[in-house]
Every structure is written in C-alpha cells, then in structure tokens.
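Below is one structure, written out as structure tokens; comments come after it.
Only the coordinates and a few stated rules stand behind these numbers; no lab work does. All values reported here derive from a predicted model rather than from experimental measurement. Cβ placement follows ideal geometry from the backbone for every residue including glycine, while neighbour counts extend to all protein chains displayed.
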Amino acid sequence: MNSIAKVLFANTQNYMGEVDPRFIDLAKQFSRLQDQRSHLGGAALVVYFRGEKVADIYTGQKSNTELWAQDTLSICYSTGKGVLATLAHILVSQGMLDYDQPIADYWPEFAQNGKDKMTLRHVLSHQSGLFDIRNIISKAAEMADWQHMLKVMENAQPRFNIGQENAYQALTFGWLVGGVLEKASQKSLTELMQQYLVEPLELDGAYFGVPQSELARVAKPLPKPQVDHQPNNTPDNKPPAKKTKQPKFNFSEKLIEWSGQDPQDFLDAMVPKRMREFSFFDDASIQAIIPAANGAFTARSLAKVYAMLANRGEWQGQSLIDAETFKTLATIQNNQRDRVMPIPMKWRLGYHRVLSMGKRAKQGFGHIGYNGSGAWCDPERELSFAYTHNFTAASITGDYRLWGLTQETLRCADAVLKGHKGWF
C-alpha cells in the first residue's frame, strides 16, 4: 500500500484527549497522519478558537517505554523563534525596548564591526545581515555556551548593508534577540520568560534551556528500528548483490536549487562547522540556551501563547501587548526575496506567514521549526494552532503534516464562521 493510501485508510480514532465536535474532522486527520507511525514517535495538537480550547489531542510514543502525554515537552527547533519574538514584543509594550533604537544603546559592546546603527527591527525582520553561523564559530558545540555566543554576536560583522536585504537568521536569531532582551532588562532570559510569559499565561511547559528537574518530560527521537537482515540462500550460495544506495531526495534542497538561490547562503545560515559532533538531544544540549533552535514546549503552551496573539495581545483580562505594538509586530516589513529561505516568507517582526495547502490567513502569522513542528495565529478568525512531535522529519519549509493540519484547522473554523469549509 502506498503512503497516500495508508493515510486515507488509516485509523481515524488513534488519539487521546478532547476535541470540540466542530473540529472533529481535524482530529480525524491528525489520527490518519500519525497512525502509521505512532510506534515510531508521538505528536500533539492544540487549537484555540474564539478564546476557547477546541482541540487538545495527542498520540504515539514519547519514548520506547512511555506514551505521549499532555505535559510532554518537545524540542521545537525554530518554532521557538516566535515565542522569543513574542517576549520581545511584551518588553516593547513594557517600555524597556524600542524597535528602532540602536541595539548598541542597550548593549554597547554590540556596536563593533559596523553594527552601531542596527536595531531590534532589523533583527526581528531578518534584515541584519548577521545570518552566517558557519564562519563565526569553529565548531557547533560552541552554541551551548550562552555567554560565549553573546560575545560572538558582539564581534560578528554583517554580510550585507543593514536593512537592505533579507536573510533568515536560522541560528543567530536567538542570541541576537535574547541578548538584547537581557541587556535592556538586566535580567536573564530565563527570568524574563517566567515573569512575562509563563506566569501571566499559566503555561505548562515553555523553556529555553530545560531545567534538570524537567528533563524527564522531554520527548527525544526514538532510535530507528533495527532491520533483521537474514541471508538469502541462492542456488550457487553466493551472497545477494548489494544495491547501490540512492541519495535521499531533500525537498528543501530542491527548492533552493529551483529558486536560483546561492546554496552557500543556506549552508552558512543553517550548518555550523562540525555539526555532526553535536546533538540538540543530548541532556547537556537540552539544558543549554539556544533559543533559535532548542526551545522545549508543550503544544498546550505554544497554542496559548498564540491564542493571546490571536486576541491581539489580550488574555483573560490582561493586556500583555498594547494595541500599537501589536499593530507593528503584525505588519509585513517587506516582500523582498530571502537569501536563505526558498519560498516567500512575508516577514513580520519575528514571524512569517501561515503555510497551508490552499487556505489563506491574510492576517495570520507564526513560525515553523525544521522538524515540522509549528505554531501560528489568525486574529481575523480568532484562531491559534500548535503542533509538536518527536519524529526525525527535517525540512526548512515544514513537514507536509503541518501544512495539512493547518489547512484543516482553517477549514473547520471557516465552517463555523462562513457556513462552508472550502479549500481556498
């Protein structure tokens, strides 16, 4: 049976949790997409609509011996960028930061090598020119040292004139944004997360650097199943001929090739030297603060952060982000072609457009992760979404499951709002 047929005829009830009847088609699709691989990992999906949680479902394995639970934490790669950006916007609302004030005013050491006029807006919209990780550190393991990486950012030199181009800061984003938040507030990033996001929203798991006490909650990728190779008895007792290994098709790499972008820009932004010696899933790496890549979240926490954003910065009587700041953060900064990302991103301040399979969310924004996790909101529909997992999928443009679940979430909301689901 081919992969499409496996999805179409998969079990539609292979999940636990709760779902509003209006979103039952989404739960069925979630089950179909996970059913054939639920023994290889787990996933969770949470959706808020009009301020209420309408889906909170999960399935599969957290580890070889544990099932996924509602409080399971997942390493979400770049999905965490949207959470870090949200924290920045809250501090702007608090008056601690200004989007257009030079970062060097808060962080004097940052002014080196032509960065004296660089602003938080330049960084949040990926117009800083500081996208290159490959040529500023000698080995990937350096990323686990927070203070060292702040020094690296101070010494870094932009690859193009500030504000003149877009280049996705795949890894540097976390130290750039996190660094200026710390310098402006004189508090650690951990303290800021706790004070301005975790406590006000009562999040059940949201970390840049998981504390030792919470490590057991983190879902790591499961080891690949061992294939039992039995010898074939051929008539002449010769071993079977070895098949030539075909290179694995990588959709992201093909997109870069087709788009005409320079593959070196992609490599410089995404792959530090000696990356094979480093794992984001070692306990030490999970406990390190690498905000652009190793944020650990429950789907519940991500969905609630974006539910607040779907409600334009308000949540249960609290105003976390004022109206003027919200309008600014949700505005597309430019439509220039990105030097790293192979598809149009429509960068806001720390977020990109909602990626689906046809449905549009013109006011929507969020962030996906390299492993196919993702979270987003659509203020027009009062809708928020979060999908987490521990599978080994990898794509700079997101996993097809993420796109499909996003599409069905929008369709279910439109069935309520417009009376019909539609595909576009």
(request) Take residue 346, project a point 7 Å from its Cα along the Cβ direction, then tell me which residues of segment 322-340 have their backbone nitrogen under 12 Å from it. (result) 331-335
(message) Rounded, prolate or oblate for segment 295-341? Axes are the square roots of the Cα gyration tensor eigenvalues, ordered a ≥ b ≥ c, and the cut-off for rounded is a/c under 1.5.
(response) oblate
(request) Tell me, rounded to the nearest percent, the portion of alpha carbon pairs in the chain spaced more than 34 Å apart. (result) 29 percent
(request) Sticking to Cα atoms, compute the Rg of segment 323-404 to one decimal and its Dmax as the biggest Cα-Cα distance, whole number, in Å. (result) 12.9, 40
(message) Which one, 95, 133, 67, projects farthest toward the positive side of the charge dipole computed for segment 67-184 from Cβ point charges (K/R +1, D/E -1)?
(response) 133
(request) State, in angstrom, two size descriptors of segment 30-85 derived from its alpha carbons: Rg to one decimal place and Dmax to the nearest whole number. (result) 13.0, 37
(request) Could you give the C-alpha radius of gyration of segment 1-129 expressed as a fraction of 2.2 N^0.38 Å, taking N as the number of residues it contains? (result) 1.55
(message) Only Cα pairs within less than 10 Å get springs; with that Gaussian network setup on the chain, which residue of 14, 135, 311 has the largest fluctuation?
(response) 135
(message) Based on DSSP loop calls and a cut-off of at most 16 other Cβ atoms within 10 Å, the longest stretch of the chain free of exposed GluC sites (Glu not before Pro) is what?
(response) 203-379
(message) Over 21 Å between Cα atoms: which of 62/359; 346/418; 220/346; 81/304; 117/183; 81/117 fall into that group?
(response) 62/359; 346/418; 220/346; 81/117
